[in-house]
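Each reported figure results from applying straightforward, stated rules to the coordinates on display, with no laboratory input. Values in this document were obtained by computation on a predicted structure and should not be read as measured data. Here the Cβ is made from the backbone with ideal geometry for all residues, glycine too, and neighbour counts use every protein chain on show.
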Amino acid sequence: MKTVVADAAGNWTASFDFIEYPFITATARDSRNNTSELSPAKAIMPTTLDFFFPPNLCLGQPVTFDNTTTTCPGNFTFQWDFGDGSAVSNSGTHTYTAPGSYMVTLTMLPSIYCKIYKITKPILIKNCCSPCKPLDFEIQAVCVNDTATFVNTSMCPGNPNFVWNFGDGSAQSSTGVHIYTVAGTYTVKLIIYGSP
């Protein structure tokens, strides 16, 4: 792995950028190329590539991946592939745009000993019922054939999908704008979709 030269007193130091194995041994070689017996194996802390992320992940919420890799000092960078077709990133934070199961890969660069080091874990992103506090809207008085504009005042994290039901038999709408053609009292519903 490495060759070092001892000083006049026989002292030497070896630094390693990357350790793959849990033990290391050393062999001394003199000027005539004679070698000593192998030194006893010394336990070391090998490089461990790993990451974690929170459980119960919901669509539209940023996911922070915690890189818990332990390695010897060195010039290493890390790249994330979030498994959803988005570009590879140096940042460990990502927001998924569709529910589903994805394979997330953390890669350590540059390659060491002609080997690329990476770890892959599955992640599940679900459609969740958003904890809106509260789910609410406002409307001003409106006349027949005027445009009614409903203002969604819901406080919801992420980007949930809202649907309006205007109570007059018309199709549901993703916008809070509607024209009533018959005078009357209508029950308007603001619906947020999720699972369950």
Nonlocal amide H pairs with A148, under 5 Å, H built at 1.01 Å: H178, I179, Y180
Binned Cα-Cα distance frequencies in the range 137-193 - 10 Å width, integer %: 21, 57, 18, 3
L59, L124 arranged by Cβ crowding within 10 Å, fewest neighbours leading: L124, L59
Where labels lie 7 Å past Cα in the beta-carbon direction, separation of A141 and S101 in nm: 5.8 nm
Fewest-first ranking of I24, I139, I125, using other Cβ atoms within 10 Å as the exposure measure: I139, I24, I125
